[in-house]
Amino acid sequence: MVYLFIVNRLCRPFLLLVVAMFSLLSVARGQDVVNIEGVSLLSNQKSVFRLFEIENGHLQEIASSVPNANGNFGFCFYPEKAGFFLIGTGNGNQPDDNYIFWLNKNDRLRLNFNDSGYHLVNGYYSPENAAMSEWFKTCKDLMNNSVYLRRNGKSKINSAVLFKNTENARTLWLSKRKKTNNKTFEQLLPWLTYHDVVYFKSLNLLSVFSNNFLQFDLLEDQVGDVYKQTYDVYGYPWGRAAFEQFVRIKSLRRNAPLKTDSSAFSTLSNDTLKGFYCLDKLKEIKAYDKYLQVLETYKEHLLTEDQKREEFFMQNKIRKINAGDQAYNFRYTDTSGNIVTFNGMLGKVVVVDLWATWCGPCMHELPYLNEVEKQFDTKDVAFVSISVDDKRDLEKWKKTIKQNNMEGIQLFASGWSDITRYYNVQGIPRFMVFDKKGRIVSVDAPLPSSGKLKDLIEETIKKS
């Protein structure tokens, strides 16, 4: 029985394997592989299961798996390190139908999913995931009256009673549960469960009371207590969404919402968190002119490289890329480890090929690309092949270059990186052409095999 994997190549790279059920254990031995085997008992038989990692307070999809006729699905992957991952049928933006697990290297996890949640299969789960399953059951009432409130209808439990019961249940469970031997997990579990409760409480309040600001005082936690450090946002699966909602609630005084940034900032003691607030506000803007205007006010609060990077791609998402715009100044290493930048090639027409060793259509284009390269002088044209292979495949990339006698400048991007996000690349191979002044000619140029790429290059040389 072969599991069907639909790999999301846009996510942070993991080495994903398609494995047969009978060979699953033999593949995993000694290779730090995590095996996840599931059975879908959902009423919606068309549901697709997804595996997520946590990245900067968001869920980042690693892969998706389509259950077969018997409901079987699975994942097999190499985690970079042990930690929290999520499995479920949700879209990743909200906690609906996505469940948190702790995965160690070499773990094997079996579980069954139904419409009310999931159940672990005896003998196929770690002590950490036994604890995660217990926590899921402990906070289920709060989840049903917050996360799933729209699905379940009007809340049947008074919010104040619900919050008190959940807090008491959490405190009792943490004090009585059997501890694991995993020190890192034991340190993070109280933190995770606390943030679960705070986030689910905020969802309940916003759903039940809407603009009844008086009731928002039921969220007794203070912003400075909940969000003391950057990890409180970055490390939690829905950290950014939770932070945004929490600040929104705490910025509302009785009968009068606080509409100014200074009011919101007054609730935040961490300067990095003020940057998160600014990013969330910028995300709401759809008009590019207005975005630039607001950015002038906010940019001084974007302190970390991650925040500046996020703003860069957020801005690019609403800015339409046109021919004649200045190209993105990428920066990648070549086969010798030297840094090569786009700006370092100004003065030449630049032809970029985005490819990977695992991409069949990309490999098909290589001989055609080699033929095109031979027809141009390197003084006029720079041919740049940028591999989006995972960093694990660095040696494989070098070997492929030699085996295929690949010419031109060969660069390694270590996965789906800046250039793909900047130009919103959804698939490869992808060819791009830029003029001698570094301006965009086409970011979706013809493939070499079409015979039209050569014509476009010649036309660009003449105009330059």
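With neighbour counts taken as other beta-carbon atoms within 10 Å, the residues 286, 308 rank, fewest first, as 286, 308. For the listed residue pairs 164/281; 348/396; 374/402; 396/436; 399/454; 46/137, the alpha carbons are over 24 angstrom apart in 164/281; 348/396; 396/436; 399/454; 46/137.
With helices as the sole contributors, the chain gives -11000 deg cm²/dmol at 222 nm; each DSSP H run of n ≥ 4 counts as -39500 (n - 2.57), and the sum is divided by every residue. Apply 1/(1 + (r/R0)^6) to the Cβ-Cβ distance of residue 114 and residue 281, taking R0 = 30 Å, and write down the FRET efficiency to the nearest 0.05. After rounding to 0.05, the efficiency reads 0.15.
If R0 is 60 Å, the Cβ-Cβ spacing of residue 158 and residue 336 corresponds to a FRET efficiency of close to 0.35.
What is the calculated FRET efficiency for residue 316 to residue 151, with r their C-beta to C-beta distance and R₀ = 41 Å, to the nearest 0.05? Step by step, r from the Cβ atoms, then E = 0.70.
The distance between label points at residue 463 and residue 368 comes to 2.2 nm (points 7 Å beyond Cα on the Cα→Cβ vector). For GluC sites (Glu not before Pro), the sites in the stretch 53-125 that DSSP calls loop and that have at most 15 other Cβ atoms within 10 Å are 80.
Can you sort 64, 385 so the residue with the fewest Cβ neighbours within 10 Å comes first? Display every interim value, and only then the final one.
Working: 64 18, 385 23.
Ordered by Cβ neighbours within 10 Å, fewest first: 64, 385.
Taking every alpha-carbon pair under 8 Å whose residues sit at least 6 apart, the stretch 331-463 reaches a relative contact order of 32 percent. Could you list, in their original order, any pairs among 183/283; 320/463; 228/283; 320/462 whose Cα atoms are separated by more than 29 Å? Where the Cα-Cα span goes over 29 Å, the pairs concerned are 183/283. Stretching residue 121 away from residue 174 to a fully extended chain increases their span by 16.8 nm, per 0.36 nm per residue minus the current alpha-carbon distance.
Computed from the Cα positions only, the extents of the chain along the three principal axes stand at 76, 59, 38 Å, in decreasing order. When you count the other C-beta atoms within 10 angstrom of each residue and take the mean per peptide, 176-184, 412-420 line up highest first as 412-420, 176-184. One way to sum up the overall shape of the stretch 278-418 is the equivalent ellipsoid from its Cα gyration tensor, whose semi-axes run 34, 18, 14 Å, largest first. Shown here for the stretch 88-131: chymotrypsin sites (Phe, Trp or Tyr not before Pro) in loop regions (DSSP other than H, G, I, E, B) with at most 15 other Cβ atoms within 10 Å, namely 124.
Once fully extended, how much extra length lies between residue 308 and residue 292, figured as 0.36 nm per residue of separation less the alpha-carbon to alpha-carbon distance?
Numbers: separation 16, 0.36 × 16 = 5.76 nm, distance 1.42 nm.
That pair, residue 308 and residue 292, stretches by 4.3 nm at full extension.
Expressed to the nearest 5 percent, the antiparallel share of DSSP beta bridges inside the stretch 330-427 is 30 percent. With +1 on the Cβ of every Lys and Arg and -1 on the Cβ of every Asp and Glu, and nothing else charged, how large is the dipole of the stretch 331-463 about its Cα centre, in debye rounded to the nearest 20? Here the stretch 331-463 has a charge dipole of around 280 debye. For the peptides 242-249, 398-405, 163-170, 197-204, the ranking by packing is 197-204, 242-249, 163-170, 398-405, with the highest mean count of neighbouring Cβ atoms within 10 Å listed first.
Which helices count as membrane-span-like in the chain under these terms: full DSSP H, at least 24 Å along the axis by C-alpha, Kyte-Doolittle mean of 0.0 or more?
On the way: long enough: 159-176 (25 Å, -0.26); 183-208 (38 Å, 0.30).
Helices passing the filter in the chain: 183-208.
Read-outs throughout are calculated quantities, based only on the coordinates presented, and are distinct from any laboratory measurement. Note that the structure is predicted; figures quoted are calculated from it, not measured. Positions of Cβ are backbone-derived with ideal geometry, glycine not excepted, and every protein chain shown enters the neighbour counts.
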